[in-house]
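Everything on this sheet refers to the single structure shown next.
All of the numbers you see were taken from the coordinates with simple rules; none came from a lab. Small disclaimer: the values here were computed from a predicted structure and weren't measured. With ideal geometry, Cβ positions are generated from the backbone for all residues, glycine too; neighbour counts draw on all protein chains shown.
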């Protein structure tokens, strides 16, 4: 059963891609199991299609081609602005027009339309088996002629042939409506006096007419298009015959509920006779159209397992979420300047029992670390320059100049190559780096060590003139503005959700303003002095988190929070183009440093509750059976298998798809017990885990092959990050102790170098 479901999903994806290709526009296609007919939302450009899982491939292609035709060519207008006639008349004529235009644009669709309608005709979708075509309404004969084709030999009088030819000639919707009105007028005029309806007025717009769901009615109300389609454009009226058409054989068991004779049909009443005596008596509707609509519903298996689609937000203003480094550090400076001196507990004789860690302690540690890390930064620079030179050499081209090299002239007797050569080394690409740093509560034990690595990498970027930005993703910054506004609830504020500013958008991933922020904590846009100020401030914050409870007060807004990882990844869709444009970059690398899964994300949905008078938009959690789609690339991704790491992997792929050439490097800090779970969730490496585990035990880190979302993925033991990279032994230590300290230092440096080498490989 699950395999059948997967096959169905795959088929829907293929047909959805077909629809988007046919539309040649940013069209969104949804397949749903709870809708009987197709619909098209003109404003959102969303085409909803039934699943049609019972339809053959050629029928499916025909139906898709037909619905795309409506999406492209049927305007979002009320047809009653042009004509007063039943909707079915407009539907039938409009079907001919849009299919003609589709086959004109895509000649290959002729085969799909011809084969699809032929198959449905053989299954008696129009419910005309056993009926004399001379006895049915003119509008129904037009419908059958253009859907079943001239080979059906639908009979027309000479007067009627003129109208049939005019149907084929319609080019605009206005022409369709005008002609539909004329055909309706003829139907009323041809109707016997005793069968004239009491009211000569047409059916009002928006009312149901007959048993089926009218195409144009759905188009205007939803707006919508139904699942009908038409036959080929080969409207050879010379092939028309006055005789009866051969009846298609109906396969046993093909029709269920839809196989019933429509009300008013001649099949049960036997209303045969002259051409003026109609087999389908009700001139206010097309019974063949209604029958087709009803039968088409049986092409889909009724299902409640619908895919809930969500999209990347279309209208993001970066200023609503990004906090520039100037604002971040102005606030941090203000709060640190207001710090009280460290608390000290001492005896009367001056003996110190306990002393609180102060800002001076953090600053001392900062200076020591920057001094120690200088060697590592220089190593990075050296590796970068070597790799860059090697890359340039590999891309160099050599050509002859046509000028004789006088130093080789003496070899002319045995050497043909005596001309000067010139080597051309193409310019390297401009690179930029973006860092996303997890500022969540679970990072408390390794945040300080992680930021040390960020310090090294940004120092490297500074030395080689690579633009960079470091963003911390957090839920805590809203409290800063509340403090500045003297809001009394600031100290107890937790869930930063303001309905006035956080109205979700239907079908879009919801990113709450105020609850989510990206703090620009370090930036290459600053001068050397401000860069040093940024690094020191953040070092102070991470130092205090490591010694929590024993340290100075961490500035409000810099407290640890939840893990809005997915929201941070979504923001890359807007940050990367802006960053690339500002710095004239050809290549952007993104480093994501985190220790866990992102918090649950949601998207906007409409819900009508029994106790509420009207529909409301609310945030629904993204889970399984939800699928991401991107309007800019036109890609619809597979439904999620899980709502945590699955969503993260999918969002990473989406960012890379929208931004070609972008590398996203994942650095996951974790304990050894979580390695297996991490590998299974973020990579396709079911058969190479033993090799990964061996590398992990040996190096306290591992490069994870075949990541599902990241370009490259690194797992790092949390104990390895903060290992002392300098050899430290006490005076008078034994030779064995010195040896162990030396090996420990080498191993620590080796771990760092392996990771940094891999990193430099992407940047160079």
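Cα-Cα pairs above 23 Å in the range 496-597: how many percent? Within the range 496-597, distances greater than 23 Å cover 46 percent of Cα pairs. Each peptide among 561-567, 118-124 gets the average number of other Cβ atoms lying within 10 Å of its residues, and from highest to lowest they stand as 561-567, 118-124.
What order do you get for 151-157, 315-321 when each peptide is scored by the mean count of other beta carbon atoms within 10 Å, highest first? Each step should come with its number before you reach the end.
On the way: 151-157: 19.3, 315-321: 12.1.
Those peptides, ordered most packed to least, come out 151-157, 315-321.
Based on the mean of other beta carbon atoms within 10 Å per residue, what is the order of 185-192, 81-88, 359-366, most packed first? Can you show the working numbers first?
Numbers: 185-192: 13.8, 81-88: 21.4, 359-366: 16.5.
So the order, starting with the most tightly packed, is 81-88, 359-366, 185-192.
Modelled label positions at residue 621 and residue 532, each set 7 Å beyond Cα in the direction of Cβ, lie 5.0 nm from each other.
Put a dot 7 Å past the Cα of residue 330, heading toward its Cβ, do the same for residue 484, and the two dots end up 0.7 nm apart.
Sorting 629, 656 from the fewest to the most surrounding beta carbons within 10 angstrom yields 656, 629.
Here residue 77 and residue 54 are evaluated by their C-beta separation; at R0 = 25 Å the FRET efficiency comes out at 0.15. As a proxy for reagent exposure, ranking 445, 485, 684 by other Cβ atoms within 10 Å from fewest up yields 485, 684, 445. Extension gain for residue 190-residue 364 works out to 52.6 nm (0.36 nm per residue, less the C-alpha to C-alpha distance).
Each label point was placed 7 Å from the Cα along the Cα-to-Cβ direction; for residue 171 and residue 635 their separation is 4.1 nm.
Residue order for 510, 31, fewest other beta carbons within 10 angstrom first, comes to 510, 31. Gyration tensor analysis over the Cα atoms of the range 43-94 returns equivalent ellipsoid semi-axes of 26, 14, 9 Å (largest first, whole Å).
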